[in-house]
Amino acid sequence: MSQSDAICQLEDFGTLRFRGPDARSFLQGQLSNDVTQLVPGAILRAGMHSAQGRTLALLWLAASDSGDILALLPLELVATVATQLRRYQLRAKLTITDESVQRRIYGRYAPGAAVPGPDSWSLAPNRALLIRAAGDSAPQGEAMSRTQWRALDIAAGLPQVYAATSGQFVAQMLNLDCVDAISFSKGCYTGQEVIARSHYRGRVKRRLQRFESLVPGTLAIGDSGRFEDGRAFRVIEAMQRAGGCSEFLAVAALPDAARENQEGAGSSTVQSLLKTRALPLPYPWPD
């Protein structure tokens, strides 16, 4: 990319709005992060989990100027997440509205620093999310493809959960504890007991890791198979480089977890053993 700001429309993302006096307290009891830490101008990542601690969705939370909370997530999961959360609404005073049709979500990459604006929320030191009404003009900037934006996510080791991977992994397997998407001091929420047990009592033997394939081929989110060393993997994010090889994030056994090598990842969609090279993540795993 050039030195000017780049803009990517995230057409595959939708928006849920939480409005009402109980919006924050309701989400506090449903999501893995501390919603009281949500501040204007910054995205707060939070997982929605099953009672077994499996990650059903990963939400990007944004505090709007009106005091409502916006949740950004893959469009294919918006209806499912809304339905799931309404089951727990009971007497809580809030409304949950799907505003995906009314809004457009853009990613902005700034080579220096993506400073939040009136309709902008910081996502990373040089990236921000912009949320605009569907009828508004697109933000100004150099066009960035969805593949280029996904490449930034992969390089940053940032997971996302889609329909193909929903409910497959405990939070720590997706490194949610490494990307500030879990609070271990906030109290109870759905799935908290399992996630806390994994944190305090045992080392996680499968983790999100970053790889590049050494032979040309396309990998899709949710694909599964085995590496040449026998470890099973499942793809979380992937993009194909110009030369045909792929760079991707996948959940796999850690290299020194030998006993996990024979553990399956479901039926394989990648039929041959995949030749890869491990790439570094920009953050460490907890000890």
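May I ask you to say which residue of GLY225, GLY244 is in contact with a Leu (Cβ under 8 Å, 6 or more places away or on another chain), of a type outside the set (Ser, Thr, Tyr) and modelled with pLDDT under 95? Don't jump to the end; show me each part of the working.
Values: GLY244 fails: in contact with a Leu (Cβ under 8 Å, 6 or more places away or on another chain).
Among GLY225, GLY244, only GLY225 is in contact with a Leu (Cβ under 8 Å, 6 or more places away or on another chain), of a type outside the set (Ser, Thr, Tyr) and modelled with pLDDT under 95.
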Query raised in the report: Counting just the residues of the stretch 39-50 that are among the hydrophobic types (A, V, I, L, M, F, W, C) and at pLDDT below 95, which one comes out nearest to CYS188 (Cα to Cα)?
Result: VAL39
Report task. Output the number of the condition that LEU208 fails; it satisfies all remaining conditions of (1) under 17 Å from ARG150 (Cβ atoms); (2) touching a Ser or Thr at 6+ places or on another chain (Cβ under 8 Å). Result -> (2)
Requested in this report: Only one of these is under 20 Å from PRO284 (Cβ atoms) and not in a helix (DSSP H, G or I): PHE184, PHE233. Name it.
Outcome: PHE184
Query raised in the report: Hey, any hits in the stretch 182-201 for a residue that's touching a residue at least 12 places away in the same chain (Cβ under 8 Å) and over 23 Å from ASP34 (Cα atoms)?
Result: no
Query raised in the report: Of all the strands (runs of 3 or more DSSP E) wholly in the stretch 1-70, which have at least 2 residues that are of a type in the set (Lys, Arg)?
Result: 13-19
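Of all residues in the stretch 48-71, which are under 21 Å from GLY20 (Cα atoms) and surrounded by 19 or more Cβ atoms within 10 Å (Cβ to Cβ)? Even if it seems obvious, please write down each step before you answer.
Here is the first cut: in the stretch 48-71, the residues under 21 Å from GLY20 (Cα atoms) are 48, 59-71.
The answer is MET48, LEU59, TRP60, LEU61, ALA62, ALA63, ILE69, LEU70, ALA71.
The values are calculated or read from the model by the stated rules, or taken from the named source; none is laboratory data. Model, not experiment: these values are computed from the prediction. Please note: Cβ atoms are built from the backbone with ideal geometry, for glycine as well, and neighbour counts cover all protein chains shown.
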